[in-house]
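Step one of this worksheet: look at the structure below.
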């Protein structure tokens, strides 16, 4: 379960202080598929970044299974994020000098457990690519992938450490309607398997596929 309690966040801009959200509270039950909608600039991506611990709020708490993640040290937050949260970023942040398979493996090999179980992790990565329909691209550079294939690579990389929480930031951006439906269907299936999934999107069709929808206004 994810509990967001009285969360506030603002930024200093050339035009002065901008409040992104104030006193925001939200509960996401385990195994739910939550969609977060709202117009651009409402703080959707910022909220995901705070849940992962990449940004800190001005005030408020993020409780994951009852533990306030901001009570942890920076190293502990980093370790927790790598193990427990799969983050599908909006940016296609790949290392083009590595293959698709090697990019998927990166988060696992950043952890001691992943390095110790190298063979097992490689087999898991290959299965993820197969399940997502891009196994034939495993030895390809990400620079040659289409938009939809890139999104599937991001999903595979987010799942490699078998996290219980999946956060996806505009994963259907710049893909076709059919590809968007296929991508959201993947997240829906993950929630059926017991994963807690939070999808940030401006696409109303994608939001309709979620169990619940929360709008930032």
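Taking (1) assigned to a loop (DSSP other than H, G, I, E, B); (2) over 18 Å from the mean Cα position of the chain (by Cα) in turn, residue 75 satisfies each apart from (1). Is it true that residue 126 is touching a residue at least 24 places away in the same chain (Cβ under 8 Å) and farther than 21 Å from residue 27 by Cα? The answer is yes for residue 126. The residues of region 188-208 that are touching a residue at least 60 places away in the same chain (Cβ under 8 Å), part of a loop (DSSP other than H, G, I, E, B) and surrounded by fewer than 20 Cβ atoms within 10 Å (Cβ to Cβ), listed by number, are 194, 202. Going residue by residue through region 1-12, is there one that turns out to be part of a loop (DSSP other than H, G, I, E, B) and either within 20 Å of residue 216 (Cα to Cα) or in contact (Cβ under 8 Å) with a residue 24 or more places away in the chain (or both)? Looking for residues that are part of a loop (DSSP other than H, G, I, E, B) and either within 20 Å of residue 216 (Cα to Cα) or in contact (Cβ under 8 Å) with a residue 24 or more places away in the chain (or both), one finds at least one in region 1-12, hence yes. Residues that are at pLDDT 95 or above and out of contact with any helix residue (DSSP H, G or I) (no Cβ under 8 Å at 6 or more places or on another chain) within region 196-206 comprise just one, 196. Among all positions in region 170-177, there is at least one residue which is under 24 Å from residue 202 (Cα atoms) and over 18 Å from the mean Cα position of the chain (by Cα).
Taking region 23-38, which residues are assigned to a loop (DSSP other than H, G, I, E, B) and surrounded by 13 or more Cβ atoms within 10 Å (Cβ to Cβ)? Scanning region 23-38 gives 30, 31, 32, 38. Check region 166-178 and report whether any residue there is over 16 Å from residue 128 (Cβ atoms), touching a strand residue (DSSP E or B) at 6+ places or on another chain (Cβ under 6 Å) and not in a loop (DSSP other than H, G, I, E, B). Yes, region 166-178 has at least one match.
Output yes when any residue across region 3-22 is within 24 Å of residue 208 (Cβ to Cβ), at pLDDT 95 or above and either surrounded by 14 or more Cβ atoms within 10 Å (Cβ to Cβ) or over 19 Å from the mean Cα position of the chain (by Cα) (or both), and no when none is. Yes, region 3-22 has at least one match.
Of all the criteria given as (1) surrounded by 22 or more Cβ atoms within 10 Å (Cβ to Cβ); (2) modelled with pLDDT of 95 or more, the one not satisfied by residue 101 is (1).
Evaluating residue 33 against the criteria (1) in contact (Cβ under 8 Å) with a residue 40 or more places away in the chain; (2) over 15 Å from the mean Cα position of the chain (by Cα) leaves one unmet condition, (2).
Listed here are the residues, each with its yes/no results for (1) surrounded by 18 or more Cβ atoms within 10 Å (Cβ to Cβ); (2) touching a helix residue (DSSP H, G or I) at 6+ places or on another chain (Cβ under 8 Å); (3) at pLDDT below 90; (4) at negative phi.
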| residue | (1), (2), (3), (4) |
| --- | --- |
| 40 | no, no, yes, yes |
| 55 | no, yes, no, yes |
| 91 | no, no, yes, yes |
| 105 | yes, yes, no, yes |
| 111 | no, yes, yes, yes |
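Only one of 77, 155 is out of contact with any strand residue (DSSP E or B) (no Cβ under 7 Å at 6 or more places or on another chain) and either more than 25 Å from residue 26 (Cβ to Cβ) or at pLDDT below 95 (or both). Can you tell me which? It is 77.
The values are calculated or read from the model by the stated rules, or taken from the named source; none is laboratory data. Keep in mind that this is a model prediction, so the values were computed, not measured. Quick reminder, even Gly has a Cβ in these numbers, built from the backbone with ideal geometry, and neighbours come from all protein chains shown.
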